[in-house]
Amino acid sequence: MPIPGSGLAKGLAVTLRTMTKRSHTAQYPDVQPQLPPRSRGVIGLFEENCTVCMLCARECPDWCIYIDSHKETVPAATPGGRERSRNVLDRFAIDFSLCMYCGICIEVCPFDALFWSPEFEYAETDIHELTHERDKLREWMWTVPAPPALDPAAEEPKEIAAARKAAEKAEAAAAEAAAAEATPDAPATPGTPASGTETGTPDAPGTGTGTDPAGGTA
């Protein structure tokens, strides 16, 4: 059972500790705050990666993303080929008066077209001006910080590993080809019989053996 008045004593202890510390005032806006690297300020749009799949708008719990597009026909790349159609983005807007900064749209985007930007100075006097179109979202894209470095102990990405192995294999093949061209076949030594030729020493005179007709050995 808690002691009566223990909560009040803890609160007074916190107050006393705070009273002994020197206060610090942030000199904003003259001095910009040091924001954490993963701050959620606004959402930047990398328009070139957007394929108008509408996945971000469908998954948004606040329905604050507005996308308009149209289809265009792309001529065939080769004679006799088929024409293709592609989506062209006409409008991409986010209503930040409704956005709750959950980040679901950034997570579900399969083409890396949306990113978090640490920018936070976008207050307006009219709530209607908090709906920012794609031009403003593109400007915020250039304020997105670079991704953090990978953990040195992390596994190498499969794409980089495959590219590195292919490059090493090509370098090894080129080195072998260069070594083969730089080392010609060695010429045969004069006086050395060709392979496959029988060689023998003739018998010395008087040392040969023969068979006597009578069956003896000479």
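The values are calculated or read from the model by the stated rules, or taken from the named source; none is laboratory data. Bear in mind that the values here come from a model prediction, so they are computed numbers and not experimental data. Every residue, glycine among them, receives a Cβ derived from its backbone with ideal geometry; neighbour counts consider all protein chains shown. Heavy atoms of the whole protein, side chains included, go into the accessibility calculation; ligands, DNA and RNA do not. Shrake-Rupley method; radii C 1.70, N 1.55, O 1.52, S 1.80 Å.
A few comments on the model shown:
- Meets criteria (open to solvent by 80 Å² or more (accessible area, probe 1.4 Å), assigned to a loop (DSSP other than H, G, I, E, B) and under 30 Å from residue 34 (Cβ atoms)) for residue 79: no
- Here residue 144 clears all of (1) farther than 14 Å from residue 42 by Cα; (2) in contact with a Pro (Cβ under 9 Å, 6 or more places away or on another chain); (3) open to solvent by less than 60 Å² (accessible area, probe 1.4 Å); (4) aliphatic (A, V, I, L, M) except the condition numbered (1).
Let's see how each residue does on (1) open to solvent by 60 Å² or more (accessible area, probe 1.4 Å); (2) modelled with pLDDT of 90 or more:
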residue	(1), (2)
2	yes, no
22	yes, no
38	yes, no
61	yes, yes
69	no, yes
90	yes, yes
95	no, yes
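- Of the residues contained in segment 107-121, none is found to be aliphatic (A, V, I, L, M) and either more than 24 Å from residue 37 (Cα to Cα) or at pLDDT below 90 (or both).
- Just one of the numbered conditions (1) closer than 27 Å to residue 146 by Cα; (2) without any contact (Cβ under 8 Å) to a residue 40 or more places away in the chain; (3) polar (S, T, N, Q); (4) touching a Cys at 6+ places or on another chain (Cβ under 9 Å) is not true of residue 87: (1).
- Residue within segment 112-135 that is of a type in the set (Lys, Arg), under 30 Å from residue 30 (Cβ atoms) and surrounded by 11 or more Cβ atoms within 10 Å (Cβ to Cβ) present: no
- Among residues of segment 27-44 that are closer than 15 Å to residue 114 by Cβ, those with a Cβ under 7 angstrom from a residue that is open to solvent by less than 80 Å² (accessible area, probe 1.4 Å) and of a type in the set (D, E, K, R), sequence gap 6+ or separate chain, pair up as 41/119; 42/119.
- Within segment 5-20, considering residues that are assigned to a helix (DSSP H, G or I) and among the polar types (S, T, N, Q), the one modelled with the highest pLDDT: 15
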